[in-house]
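Note sheet for the following structure.
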Amino acid sequence: MRLILFGPPGAGKGTQAKLLEEKLNIPQLSTGDMFRNAIKNQTPLGVKVKAIMDSGQLVSDEVVVDMVAETIDKAEFANGYILDGFPRTVAQSEAFDALLEKRGEKVDAFVAMEVPDDELITRLVNRGQGREDDTPDKIKVRLAVYQDETAPVLAYYEAKGRAKRINGIGSIEEIQSRILEAIK
Ligand code: AMP
């Protein structure tokens, strides 16, 4: 299964993706984690994306799509994956659909986790130890970027009849059950 976990920063995509890895027996594919690793290891990609990531803005579509294309080619992703943090623009969604179509594959499920802004801000501020982009000013930027560039991705998948929305407020277990119900 190729599952997209969608939602604003702080919605809990990463937490749920990690739990679902075991439940669904497919790996998480987090573009944010991949960029953070690249930065930590000071790879050429890491050097390239560090400033933009720290600012709370988005890395260019081309760089992200190339990275995802390379990743899903690996054997461990052959049976599917849980995308977390991708696609984040309509252009990325279109490029991803085209990439999958070429491979004779498709997105099987798209789950949007809905959490109001005030709750997101509280969660992100509390998480804000150790992540350069979890400071109050960067959080503001990231939420604005989400509204402008990422929120339209939901409409894109809704138009294709593939999107489900779930309430992202509740315990980790409750939210996991809602996701599992949505992808049944
Ligand atoms: P995340 O961990 O998903 O919140 O991602 C952290 C940061 O990595 C974002 O604020 C972006 O700078 C960058 N990033 C992650 N995924 C993407 C993506 N699909 N498109 C563009 N930038 C991304």
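No lab work stands behind these numbers, since they all come straight from the coordinates. This is a predicted model, so every value here is computed, not measured. Because the Cβ atoms are built from the backbone with ideal geometry, glycine has one as well, and the counts that use them run over all protein chains shown.
Tabulated data for the structure shown
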| read-out | value |
| --- | --- |
| Partners for Lys164 among aspartates and glutamates (Cα-Cα distance below 17 Å; same-chain residues under 8 apart left out) | Asp84, Asp108, Glu114, Glu174, Glu181 |
| Ranked list, fewest to most other Cβ atoms within 10 Å of each Cβ, for Met1, Met53 | Met1, Met53 |
| Difference of contour (0.36 nm per residue) and Cα-Cα distance, Lys140 to Leu99 | 11.5 nm |
| Residue order, fewest to most beta carbons within 10 Å, for Asp33, Asp118 | Asp118, Asp33 |
| Estimated [θ] at 222 nm from DSSP helical runs (n ≥ 4, -39500 (n - 2.57)) normalised by residues in the chain, nearest 500 | -16500 deg cm²/dmol |
| Neighbour-limited loop hits for GluC sites (Glu not before Pro), the range 29-129 (at most 16 other Cβ within 10 Å; DSSP other than H, G, I, E, B) | Glu105 |
| Amide H contacts under 5 Å for Phe110, placed H, 5+ residues apart | Ile4, Lys164 |
| Members of Lys106/Lys140; Lys40/Lys102; Lys18/Lys40; Lys23/Lys48 lying beyond 23 Å, as alpha-carbon distances in this model show | Lys106/Lys140; Lys40/Lys102; Lys23/Lys48 |
| Added length on full extension, which subtracts the Cα-Cα distance from 0.36 nm per residue, Gln129 to Thr43 | 28.6 nm |
| Cα centroid separation, the range 147-172 to the range 42-96 (Å) | 19 Å |
